[in-house]
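Structure first, then comments.
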Amino acid sequence: MEKDLIQQPSLCKRIAFVGPESTGKTTLSELMASLYHTQWVKEYMRLYLQEKWDKQHAVCTWEDLLPIAKGQIRLENEALSKAIGYLFCDTCLLELVIYSYIYYGKCDPVIERQALNHKYEHIFLTYIDTPWVADDLRDKPDEREEVFAFFRDFLEKKSIPFHLLKGDLDDRVEQINQKLTR
């Protein structure tokens with residue numbers, strides 16, 4: 001099982017976006033990949049759970065976490081073969097770990113161990129100053145501050161360096177570019 005959660009080695013610099021729902025991670029990942037002429041990795045959790053919702057009208061369960069983790073790493077590893085310089089990741093296993101604690105009060109130790117072992121050149125934590133956009137999967141419109149605080153506190157507690165992204169899209173892109181070009 002753990003071998004399915006290992007990042008492939010690469011000279012590409014992996015950039016990960018984490019944060020609460022509806023805070024711009026997908027938009028930023030896709031846009032930055034376009035600006036840097038490289039690849040981005042979709043959020044597998046969203047793909048997996050949207051399909052589950054569409055077929056069964058069912059939500060995430062504890063049993064879904066391992067397949068989601070494996071799918072996220074598979075997508076990331078596959079994108080590396082086409083990436084040039086950077087790989088922009090719309091979330092990473094840290095996101096799954098944090099949501100596992102938020103929803104279940106615990107996390108599979110194998111998933112958490114691998115998430116903490118993964119390496120990213122930069123991790124950007126997206127702030128909640130973006131408009132909430134409802135969809136089939138988002139369910140915490142009134143808990144954005146608490147979810148953001150949980151993300152920030154988890155990253156700090158685990159001594160995971162991160163950069164906070166605030167402001168509109170242009171502001172965020174400028175903040176990212178400043179970090180990438182240093």
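The values are calculated or read from the model by the stated rules, or taken from the named source; none is laboratory data. This one's a predicted model, so the numbers in the text were calculated from it and none came from an experiment. A quick note on method: Cβ atoms are made from the backbone with ideal geometry, for glycine too, and the neighbour counts reach across all protein chains shown. The accessibility values were calculated without ligands, DNA or RNA, using every heavy atom of the protein model including side chains. Shrake-Rupley method; radii C 1.70, N 1.55, O 1.52, S 1.80 Å.
What to note about this one:
- Counting only lysines at least 8 places from Lys106 when in the same chain, those with an alpha carbon closer than 17 Å to its own are Lys157, Lys158.
- Whole-angstrom gap from the stretch 1-28 to the stretch 59-74, using each part's C-alpha centre: 14 Å
- Probe 1.4 Å, accessible area per residue of the stretch 12-181, Å²: 49 Å²
- Computed about the Cα centre, the dipole magnitude for the chain is approximately 740 debye when only Lys and Arg (+1) and Asp and Glu (-1) carry charge, each at its Cβ.
- Apportionment of accessible area to carbon and sulfur, the chain, percent (1.4 Å): 52 percent
- Within the stretch 61-136, the proportion of Cα pairs with more than 15 Å between them is 63 percent.
- Charge-dipole axis of the chain as Lys and Arg at +1 and Asp and Glu at -1 on Cβ define it, positive-most pick from Leu164, Leu47, Val59: Leu164
- Protection proxy ranking, peptides 63-69, 90-96, average beta carbon neighbours within 10 Å, highest first: 90-96, 63-69
- Each listed q (0.15 Å⁻¹) maps to a log10 I(q)/I(0) for the chain, found by the Debye formula over equal Cα scatterers with no solvent: -0.86.
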